[in-house]
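Colleague: Following this message is one structure expressed as structure tokens.
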Amino acid sequence: MLAGKKILLIIGGGIAAYKSLELIRRLQDQGASVTPVLTRAGEEFVTPLSVSALAGVAVHRDLFDLTSEAEMGHIQLSRSADLVVVAPATADLMAKMAQGLANDLASTLLLATDTKVLLAPAMNVRMWEHAATQRNIKTLRGDGVGFVGPNEGGMACGEFGPGRLAEPAEILAAITAELNPQTKVGRLAGRRILVTSGPTHEPIDPVRYIANRSSGAQGTALACALRDEGAEVVFVTGPAEVPSPKGVEVIAVQSALEMEAAVQAALPVDAGVFAAAVADWRVASASDRKLKKSKDGLPVLEFAENPDILKTVSRMTEGRPPLVVGFAAETNDVVENATAKRLRKGCDWIVANDVSPATGIMGGQENAVILISDQGAEEWPRMGKAEVATRLAARIATALKGAH
């Protein structure tokens, strides 16, 4: 499956770096050639000699190598590969990638390449769960970077949780799937999923509108996670603060009425995930001119109720998606209010969160959600929004398994 393929393997610093040696052997067994790049931190765990001996070629280590850079070697390295693999991908390397930094050979290659990149993260569980790391993961996923792992388990530091490097066989399978798209089968392959995201802006006049504080970060993370599970994602987004994900169908809207029309046009789907914070009301008759101050006092605004998109889709008698997931942003009595909302709307699940100002969740990088279903309320620990998305995508895949 990998005969003739060229892999640029960047080995980051971490105790898991020793697994890169087995990965090199497995890649060669499949017919691939491996060009290794070893970071300075990586040299603390595996030697250049051992990497070179297994790869059968010289190890690249220095950005300012006189011989290589006479021919702009780092540019050539970044462009000649069929796939760039980073294993292990440390928190530091991912942070550099997300911010576009290039102060050593590895980070320069990653910034200079136009080739697909696959990351195999490995780090302490607290580092993985840190808001900064989750923020970087969200950025990288949005940029189209692929991920394999990390796995959950015991670590060299004695802690337990997500952060272990994926096994070489898993990384090899991910590489094979990236280079042979026809073999890439995620748990949601063949499924079409609708995701709504962001706020809506309800116009008052040409320069003013009613909105809320939703950034669109959670909905964007969900679209990325569902895409990475192989789903065809239709992403209907209001004017969010975060960029829309790549590799999905993006439909940009402004108002609730526009979002409703886009949702109806996207049906039928296998699942609908309604993460958008749709305004409950709009100005009944928005002015076509800017409203001015006047001596007669404040302008009087008459409001109209916006369509309830979640309820409309949940209560459809024909063409209802097999799974409908809503979101509930609450400031008090979270479980009680969200449970009542699920019954009122008729959806299958509600993802509830506490967005009271003290939590910092609305517009922030983390989320603490409670999954409400007919099985009751399941509280998840506070984590980065990318991890919430990954877990929810896995649940959706399980729920849709076998559904037609």
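Colleague: For residues that are at pLDDT 80 or above, touching a strand residue (DSSP E or B) at 6+ places or on another chain (Cβ under 9 Å) and surrounded by fewer than 16 Cβ atoms within 10 Å (Cβ to Cβ), tally how many sit in segment 152-187.
Modeller: Total meeting the criteria: 1.
Colleague: Can you tell me which residue within segment 317-335, out of those that are without any contact (Cβ under 8 Å) to a residue 24 or more places away in the chain and not β-branched (V, I, T), is least open to solvent (accessible area, probe 1.4 Å)?
Modeller: Narrowing segment 317-335 to residues without any contact (Cβ under 8 Å) to a residue 24 or more places away in the chain: 317-318, 320, 333.
Keeping just the survivors that are not β-branched (V, I, T) gives 318, 320, 333.
Working: E318: 150, R320: 67, D333: 94 Å².
It comes out as R320.
Colleague: Which members of segment 188-217 meet the condition of being modelled with pLDDT under 95 and either among the basic types (K, R) or closer than 21 Å to G146 by Cβ (or both)?
Modeller: L188, A189, G190, R191, R192, R208, R213, A217
Colleague: State whether the residues of segment 261-281 include one that is in contact (Cβ under 8 Å) with a residue 60 or more places away in the chain, among the small types (G, A, S), more than 19 Å from T200 (Cβ to Cβ) and open to solvent by less than 50 Å² (accessible area, probe 1.4 Å).
Modeller: Yes, segment 261-281 contains a residue that is in contact (Cβ under 8 Å) with a residue 60 or more places away in the chain, among the small types (G, A, S), more than 19 Å from T200 (Cβ to Cβ) and open to solvent by less than 50 Å² (accessible area, probe 1.4 Å).
Colleague: Could you tell me which numbered condition E260 fails, if it satisfies all but one of (1) in contact with a Pro (Cβ under 7 Å, 6 or more places away or on another chain); (2) on the phi > 0 side of the Ramachandran plot?
Modeller: Among (1) in contact with a Pro (Cβ under 7 Å, 6 or more places away or on another chain); (2) on the phi > 0 side of the Ramachandran plot, the lone unmet condition for E260 is (2).
Yes/no matrix, rows are residues, columns are (1) within 21 Å of T176 (Cα to Cα); (2) open to solvent by 30 Å² or more (accessible area, probe 1.4 Å):
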position: D104; (1), (2): no, yes
position: L111; (1), (2): no, yes
position: K116; (1), (2): yes, yes
position: A120; (1), (2): yes, no
position: M123; (1), (2): no, no
position: M127; (1), (2): no, yes
position: A131; (1), (2): no, no
position: R135; (1), (2): no, yes
position: D143; (1), (2): yes, yes
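Colleague: Looking only at residues in segment 1-15 that are surrounded by 22 or more Cβ atoms within 10 Å (Cβ to Cβ) and modelled with pLDDT of 90 or more, which one is nearest to G163 (Cα to Cα)? Reasoning before the result, please.
Modeller: Here is the first cut: in segment 1-15, the residues surrounded by 22 or more Cβ atoms within 10 Å (Cβ to Cβ) are 7-12, 14.
Subset that is modelled with pLDDT of 90 or more: 7-12.
Values: I7: 24, L8: 23, L9: 20, I10: 18, I11: 16, G12: 14 Å.
The extreme case among them is G12.
Residue-wise test of (1) under 17 Å from S197 (Cα atoms); (2) at pLDDT below 90; (3) buried (at least 21 other Cβ atoms within 10 Å of the Cβ).
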residue	(1), (2), (3)
P299	no, yes, no
P307	yes, no, no
A338	no, no, yes
G363	yes, yes, no
L371	no, no, no
D374	no, no, no
V388	yes, yes, yes
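Colleague: Scan segment 220-252 for residues that are surrounded by fewer than 24 Cβ atoms within 10 Å (Cβ to Cβ) and in a loop (DSSP other than H, G, I, E, B) and report the count. Spell out the reasoning first.
Modeller: Pass one, segment 220-252, residues surrounded by fewer than 24 Cβ atoms within 10 Å (Cβ to Cβ): 227-230, 232, 234, 239-244, 246-252.
Remaining after also requiring in a loop (DSSP other than H, G, I, E, B): 229-230, 239-244, 246-248.
Residues meeting the conditions: 11.
The values are calculated or read from the model by the stated rules, or taken from the named source; none is laboratory data. Values in this document were obtained by computation on a predicted structure and should not be read as measured data. Using ideal geometry, Cβ is built from the backbone for each residue, glycine included, and neighbour counts are taken over all protein chains shown. Ligands, DNA and RNA are excluded from the accessible area calculation, which covers all protein heavy atoms including side chains. Shrake-Rupley method; radii C 1.70, N 1.55, O 1.52, S 1.80 Å.
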